[in-house]
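S.K.: Before I ask anything, here is the structure I am working with.
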Amino acid sequence: MSAKRRAVIVAARRTAVTPRGGALSHLQADELAAPVLTRLIRDAGLTPGNVDHVLLGNALYGGGNPARLAALRAGLPQSVPALTIDTQCCSGLDAILMGARMIETGAADCVLAGGTESFSRSPIRMRRPRTTDEDPVAYDRPPFAPPPFTDPDLAEAAAGLAQRMGISRKRQSDFAVRSHHRALAAEKATQDNLVFVDGGPGRDSFTRALSEKVAERAPVLAGVEETGVTAATIACEADGAAAVLLLAEDHPAAQAAPVLRILDDVSLGGDPADPALVPIAVAKALFSKGGIASRDLAVVELMEAYAVQAMVTAERLDLDLGSLNPLGGALARGHPIGASGAILAVQLFERLIRQETPTEGARSMGMALIAAAGGLGSGVLVEASVNKGG
């Protein structure tokens, strides 16, 4: 039997992440993504005609296929197809996993994949009236699970988890402070993977020198006073885009520089009432498939939609805090929903390739994990690699 055809990440980029209503609020989701796609093609030494497919995650636009708009804005040939997917927070990472699977099966040789989101420019959602006597009704989000399943507000679900696990506000605040401090410490190096967009900043503008006192004073937004989640321990709504360029490992353009080889990926469903716990099962499946343990990982990029979510996952998986989100997490950046999973992949590339250039024969593995509303979770296991032809 022939060896599995591997997909590799040869380039990874993102925009800065800015809070809703901030410096990127004038741009649509596709306008955020287009310059990222253009830069990735240049990074890989390819031309737009080399691209076989574009896959982007997006959670808030409810149609219109932003991936197609972004591809055309990026100057890709009209013949290149583009697909937008929505698995909420998992969307950006799921798009990358789908792209890798296309390459592994031989359906494509070169795929641009990632995610994009503009909270600032997302449509106002209204339910159409059923009769002429009714008015349209505005709503914030669609249902993520039908009856008889529990479909909690995600902040309430996180607060419930914190209360059940006895994780205090102070512990959650300390975790958020750590995220900000790591992001600040890595800010200069992280800027190297940013793509500057029209009118946008050169840094993640929400990141700050958050103090423990300020974090602990943040008001409770959900849950009880002792363990509730606060504005400091919930990732803020944000705008941003991120993507990677995927090639088959034997592609000539994959031979010229270090790459991230995709070893395994897992997408799972779980209890819609406890979406924060699904990445635990995802990681365990990845460990089993790869024959590894958490101690074998140099870097883990874990989504910080809520501090408690990341804390419980890290504890259950016995993750080394030194390897967890070394460049800071979403609590320090913000949460552009459809892009957040792709940002994790870009952060892996930044840490394992740009900051720690691999040497041939050495093994340096990383993992990205993310949960989504409705009880979904996705993860990927990667390895920094120098191809023999490089």
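The values are calculated or read from the model by the stated rules, or taken from the named source; none is laboratory data. Being a predicted model, the structure only gives us computed values, none of them experimental. All Cβ positions, glycine included, derive from the backbone under ideal geometry; neighbour counts span all protein chains shown. Please note that ligands, DNA and RNA were not included when accessible areas were found on the heavy atoms of the full protein model with its side chains. Shrake-Rupley method; radii C 1.70, N 1.55, O 1.52, S 1.80 Å.
S.K.: Which of the following residues is out of contact with any Leu (no Cβ under 6 Å at 6 or more places or on another chain), touching a residue at least 12 places away in the same chain (Cβ under 8 Å) and hydroxyl-bearing (Ser, Thr, Tyr): Ser294, Ser288, Ser340?
M.R.: Result: Ser340 is the single residue among Ser294, Ser288, Ser340 that is out of contact with any Leu (no Cβ under 6 Å at 6 or more places or on another chain), touching a residue at least 12 places away in the same chain (Cβ under 8 Å) and hydroxyl-bearing (Ser, Thr, Tyr).
S.K.: Can you name every one of the helices (runs of 4 or more DSSP H) wholly within the stretch 158-241 that holds 2 or more residues which are within 25 Å of Gly92 (Cα to Cα) and under 21 Å from the mean Cα position of the chain (by Cα)?
M.R.: Helices (runs of 4 or more DSSP H) meeting the threshold: 169-185, 187-190.
S.K.: Can you name the residue in the stretch 175-196 that is open to solvent by 20 Å² or more (accessible area, probe 1.4 Å) and more than 21 Å from Leu321 (Cβ to Cβ) and, of all such residues, is modelled with the lowest pLDDT?
M.R.: The selected residue is Asp192.
S.K.: Can you report the number of residues in the stretch 23-63 which are among the charged types (D, E, K, R), out of contact with any strand residue (DSSP E or B) (no Cβ under 6 Å at 6 or more places or on another chain) and open to solvent by 10 Å² or more (accessible area, probe 1.4 Å)?
M.R.: Residues flagged as among the charged types (D, E, K, R), out of contact with any strand residue (DSSP E or B) (no Cβ under 6 Å at 6 or more places or on another chain) and open to solvent by 10 Å² or more (accessible area, probe 1.4 Å) within the stretch 23-63 amount to 2.
S.K.: Same structure, new question: Among the residues of the stretch 76-130, which ones are under 26 Å from Leu154 (Cβ atoms), open to solvent by less than 50 Å² (accessible area, probe 1.4 Å) and part of a loop (DSSP other than H, G, I, E, B)?
M.R.: If the condition is that a residue be under 26 Å from Leu154 (Cβ atoms), open to solvent by less than 50 Å² (accessible area, probe 1.4 Å) and part of a loop (DSSP other than H, G, I, E, B), then Thr87, Phe119, Ser120, Ser122, Arg125 are the ones that fit.
S.K.: Go through the stretch 148-157 and give me each residue that's open to solvent by 30 Å² or more (accessible area, probe 1.4 Å) and either of a type outside the set (S, T, N, Q) or outside any loop (DSSP other than H, G, I, E, B) (or both).
M.R.: Matches in the stretch 148-157: Pro148, Phe149, Asp151, Asp153, Leu154, Glu156.
S.K.: Further question: Just name the residue that is farthest from the chain's Cα centre (by Cα) out of those in the stretch 284-322 that are among the polar types (S, T, N, Q) and open to solvent by 10 Å² or more (accessible area, probe 1.4 Å).
M.R.: Ser288
S.K.: Moving on to the next point. Mind checking which residues of the stretch 222-264 are within 27 Å of Ile292 (Cβ to Cβ) and open to solvent by 10 Å² or more (accessible area, probe 1.4 Å)?
M.R.: Glu249, Asp250, His251, Gln255, Ala257, Pro258, Arg261, Leu263, Asp264 - these are the residues of the stretch 222-264 that are within 27 Å of Ile292 (Cβ to Cβ) and open to solvent by 10 Å² or more (accessible area, probe 1.4 Å).
S.K.: Right, here's the next one. Could you check, for the stretch 334-351, whether at least one of its residues is touching a Pro at 6+ places or on another chain (Cβ under 7 Å), at negative phi, open to solvent by less than 10 Å² (accessible area, probe 1.4 Å) and among the hydrophobic types (A, V, I, L, M, F, W, C)?
M.R.: no
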